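Below you'll find the structure, written out as structure tokens, and then a few comments.
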Amino acid sequence: MKIAVLKERRPDETRVAASPDTVKKLTQLGAAVSVEDEAGVFAAFSNGAYEAAGATIAPDFATALANADVVLKVQRPLAGENGAADELGAMKQGAILIGILQPHADRSMIEAYEKGEAPLFETYALGLKHKHIPEIMKYTGLTRRPVFIPSVGNFKQGMLVQLPLHLDDLPDRPKASDLHDALAAHYAKSNTPEQFVKVLPPTDDGKIDALSLNDTNQLDIRVFPNEDHRHAVVIARLDNLGKGASGAAVQNLKLMLGL
């Protein structure tokens, strides 16, 4: 297994995702660790300290990321925006990213909910430049940029994630039932022993409650079809409170590592 440790490029970020002591433990476990040149300089860790711990020093981020199975970052990877380095694009398909993705970076929105001033429902990022779009394209293999419009409801827990699809635009023009079967087959092979992820049929009444999985680590996926118009909507439901987000991160690691 190759692990890459990158230099942080965002303004005012002086941390590094792994110290020489951490690298030493990883190499003792048999991992090959590639540390980008001067990744630890602002945290007072020299290239020599990493080399002494068993790491290889890479001259740039692309070399460090080449064929890396796991990527360690403090902040989320850059994606080439406004001429910045395209760290995300240099990661191989299927690599595991461990870092702080800042899902709650918009403090003004969070504070409005804490003060009871938030609306019942709102959409945001309507400039259609949401920070997660590059990640969505990277990890789904999309070749066409999706229209991604996040929204938030005024309740403390529960989340619905919706993915509208034109079935005729997908490879081999599948039926909605084919999507259901593919998702069910995937999670039958990769699910956790606890079966946290369940692929279920559409609800009988065509409705879905965002709150019904609160206080659980479960995630439900359903495909709602309209074959007459060759449309489908894939909807995932989960508890998105802080505990839920942390639990989801652990579940993702277990799924990706096959544990």
State to the nearest 20 debye the size of the charge dipole of segment 24-126 about its Cα centre, where the only charges are +1 on K and R beta carbons and -1 on D and E beta carbons.
-> 400
Can you give the accessible area of residue 115, probe radius 1.4 Å, in Å² rounded to 10?
-> 140
Neighbourhood charge, 15 Å Cβ-Cβ cut-off, centred on residue 66 and excluding it, Lys, Arg +1 and Asp, Glu -1 = -4
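Relative contact order (percent) for the chain, with alpha-carbon contacts under 8 angstrom and 6 or more residues of separation?
Numbers: 421 pairs, mean separation 34.2, N = 259.
The normalised contact order for the chain reaches 13 percent.
Taking segment 30-172 on its own, what percent of its Cα-Cα pair distances exceed 26 Å? Mind dumping the intermediate values first?
Values: 4402 of 10153 pairs.
Percentage above 26 Å: 43.
Using the Cα centre of the chain as the reference point, and only Cβ charges (+1 on K/R, -1 on D/E), how large is the resulting charge dipole? Debye, rounded to the nearest 20.
Working: 28 positive and 33 negative charges, 64 e Å.
Magnitude of the dipole: close to 300 debye.
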Report the local net charge at residue 4: Lys and Arg +1, Asp and Glu -1, summed over other residues whose C-beta lies under 14 Å from its C-beta.
-> -2
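Rounded to a whole number of µm²/s, how large is the Stokes-Einstein D of segment 1-77 at 10 °C and 1.306 mPa s, given Rh as the Kirkwood radius over C-alpha pairs?
Values: Rh = 11.9 Å.
So the translational diffusion coefficient is about 133 µm²/s.
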Pseudo-spin-label distance residue 185 to residue 143, built 7 Å along Cα→Cβ, given in nm, is 2.2
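Let me spell out the model: positive unit charges on the Cβ of Lys and Arg, negative unit charges on the Cβ of Asp and Glu, origin at the Cα centre of segment 116-237. What dipole size does that give, in debye rounded to 20? Show your work: numbers first, answer last.
Details: 14 positive and 16 negative charges, 99 e Å.
In total the dipole reaches around 480 debye.
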Normalise the Cα radius of gyration of the chain by 2.2 N^0.38 Å (N = residues in it) and let me know the number.
-> 1.14
Counting Lys and Arg as +1 and Asp and Glu as -1, what is the net charge of the other residues whose Cβ lies under 12 Å from the Cβ of residue 75?
-> +3
Carbon/sulfur fraction of accessible area - the chain, other protein chains in place, 1.4 Å, % = 56
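Given a 1.4 angstrom probe, what's the average accessible area per residue across the chain, in square angstrom? Write down the numbers at each step before the final one.
Values: 15280 Å² over 259 residues.
Here the residues of the chain average 59 Å² of exposed surface.
Just the ratio, please: alpha-carbon radius of gyration of segment 103-155 over 2.2 N^0.38 Å, N its number of residues. Walk me through the numbers before you get to the answer.
Values: Rg = 13.5 Å, N = 53, 2.2 N^0.38 = 9.9 Å.
Relative to the rule-of-thumb radius for its length, segment 103-155 sits at 1.35.
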Lys/Arg Cβ at +1, Asp/Glu Cβ at -1, dipole of the chain taken about the Cα centre: which of 120, 213, 49 is farthest positive-ward?
-> 49
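The values are calculated or read from the model by the stated rules, or taken from the named source; none is laboratory data. This structure is a prediction, so every number in the text was calculated from the model and none was measured. Virtual Cβ from ideal backbone geometry, glycine too; neighbours counted across all protein chains shown. Side chains are part of the model used for accessible areas, which takes the heavy atoms of the whole protein and leaves out ligands, DNA and RNA. Shrake-Rupley method; radii C 1.70, N 1.55, O 1.52, S 1.80 Å.
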